[in-house]
1. Extension gain Ile38-Cys255, at 0.36 nm per residue separation less the Cα-Cα distance, in nm?
2. Between Asn152 and Met523, how many nm apart are label points set 7 Å from Cα along the C-beta direction?
3. Could you sort 455-463, 98-106 so that the peptide with the highest average Cβ count within 10 Å comes first and the rest follow in order?
4. Below 20 Å, Cα to Cα, which aspartates and glutamates can Lys594 reach? Residues fewer than 8 away in the same chain don't count.
5. Between Lys207 and Tyr602, what is the label-to-label distance in nm when each label sits 7 Å out along the Cα-to-Cβ direction?
6. Only four residue types carry charge here, +1 at the Cβ of Lys and Arg and -1 at the Cβ of Asp and Glu. Report the dipole size of the stretch 57-121 about the Cα centre in Debye, rounded to the nearest 20.
7. Express in nm, to one decimal, how much length is gained between Thr169 and Val271 on full extension, taking 0.36 nm for each residue of separation and deducting their alpha carbon distance.
8. Taking square-rooted eigenvalues a ≥ b ≥ c of the alpha carbon gyration tensor, is the stretch 448-494 rounded, prolate or oblate, where a/c under 1.5 means rounded and, failing that, a/b exceeding b/c means prolate?
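FYI, it's all coordinate maths here, none of it is from the lab. Quick caveat, the model's predicted, so the values are computed rather than measured. Neighbour counts run over all protein chains shown; Cβ positions are idealised from the backbone, glycine included.
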Amino acid sequence: MSVNIVAFGNERDVLSEDSQQSSLMWSYLRRSALISEIDSSPSAEHARSPVTTEYQACVFGNVRLVVHDCPLWDIFDSDWYTSSSLIGGADIIVIKYSVNDKTSFQDLKDSYVPMIKKALNHCSVPVIISAVGARKNAVPCTCPLCTLDRRNCVTTSEGAQLAKEFGATYLELHALNDFYIQKYFGGVLEYFMIQSLNQKSSEKMKKRKKTQKCHRVQPPQLEQPDCFLTLTEKMPILKGEASHYDSDLHNLLFCCQCADVAFYSEDSSKVVKAHKVILCSVSHVFMLLFDVKSPADIHDPSILRTAQNLFAVEAGAGLLTPHGVPPCSVPVRVVVKDSDFCSCLSDILHFIYSGAFQWERLEENIRKKLKDSEKTEHVLEKVKCILKTPEKVNSLRDCQSHQIKRLYSTSLRLFFNTPVLADVIFTIQGATVPAHRAVLVARCEVMAAMFNGNYLEANSILVPVYGVSKDTFLSFLEYLYTDSCCPASILQAMSLLICAEMYQVMRLQHICELYIITQLQSMPSRELASTSLSIVSLLKKAKFHNSDCLSTWLLHFIATNYLIFSQKPEFQDLSVEERSFVEMHRWPSSMYLKQLAEYRNYIHSQKCHCAVM
């Protein structure tokens, strides 16, 4: 037997100087006297999903214990299928947070607890909410990318109220020592382990007794067809496809397509091109520089001083453009007043554009280029000021690449479907949708060819869109800007899949395929029989738009639910080849139904009541 524990949240104390603080679950596994044979080697699943760590051990002697520790809540935003699967297979759920991180607690309460409730779907899985750390009255955090205000601690009453609303057990662990880990947290966790094992033993015993009642003559065995097993093996391929959001933006800087900003040194000897929308998405200094925000909107004097002392926009630069030519064709000229900063500007832009460039890498590159410690510190302080959030004291030390990516995916959302800095307008169904060529070119190869080739769209501000609805096209653009996709229904997901195939955005197409498959798999047989949704119509659309994985799966799905679909009028719309495949792989098979009829005749001839039938 086994017990599966899934832990969500980051319990590390943001005010602590100990960056190597052990996690709650790892501390319990190392300290508990009941745990043995701990294995923390990374699994294949961990390699595909680095935000999840898996531990395996033995508890109570020979019971297998599997712990999935997910310190980052990003898994709910980027991979809902994986997070819901983890919750669905959990026997115990542990939610942990630091009492000194009020903003993360608020995000947990407002966003992620409802997601966990939805995934549980009223299942009676025990939940432990652990508030970790001693409350401190420390100075605010000093991280330039950090938008959190951690001057307030999470109170006991707030944590207890969250646990009450969730129906969970609330624990406060002031330190990760032997008392709180073994006796307090460990005692509660081991109680729920025993409850889970007792429940599994009871269910196993009931199943065994039920089997023993039919020891005389067994009915024919109904097994899943091989084709169904084959298609389920394809699911991890879709689920594990990595995002290339950060590399898309980084490549945009390399190719300099649709650049609308040109940085010059004071002697005009050095030129570096960039894009307003990318720069403004991460910096209030650039928002101020390019008139996205006014000085009255920014109440932090240091940001105003940085913009005035470091940059100067040449008067009239980029304002005069030929008729019908997009504004990005004439980049805005910006003079960099600081010579040391200007010499390192290329490295700084690479850091801003790509999450793959960490702060330590930038610091090392600037130090090699300037070869002067005072100048290096001066330039790094300028970078911190540029990336500073108003009224926050920031430090980029210890910044991880996933935080850069999360910054992009949330900040570029500010420019989605807004005319601010827009240099292209799509006309669709009588409406207009503003967008930014830089984002479109970076994220979509078809758009890149359209705006940079010998096409009419390359020199036009108004671009018509045909073949999709406005709502579908907006969902498509939202994915390009944020790397996230949340269809509201199967039909909307199919429309978005068609749009993704039209613009050759393969990852979005696969996400829509996975959504449709997941929704159909979770649909009960009664709902599947009564729904007005035409699965055959979905099959034909998937085939027409080259969605091979989805079309294959739908054909298997029809065959697997043969008794339901064979009674529907749409079944007659299948082609001869499709009908032949369905009949060959139908479930239950004709052979099984024949064996079942023979078994019923046997039971009737013996005049014996069958408990199974």
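1. On the way: separation 217, 0.36 × 217 = 78.12 nm, distance 4.87 nm.
Going from the current span to full extension adds 73.2 nm.
2. 4.5
3. On the way: 455-463: 14.6, 98-106: 20.9.
Descending mean neighbour count gives 98-106, 455-463.
4. Partners within reach: Glu223, Asp226, Glu583.
5. Taking the two extended label points, one gets 2.4 nm.
6. On the way: 6 positive and 8 negative charges, 53 e Å.
Value, rounded to 20: 260 debye.
7. Values: separation 102, 0.36 × 102 = 36.72 nm, distance 5.98 nm.
Extra length from Thr169 to Val271 when fully extended: 30.7 nm.
8. Working: a/c = 3.13, a/b = 2.03, b/c = 1.55.
Judged from the Cα gyration tensor, the stretch 448-494 comes out prolate (a/c at least 1.5, a/b above b/c).
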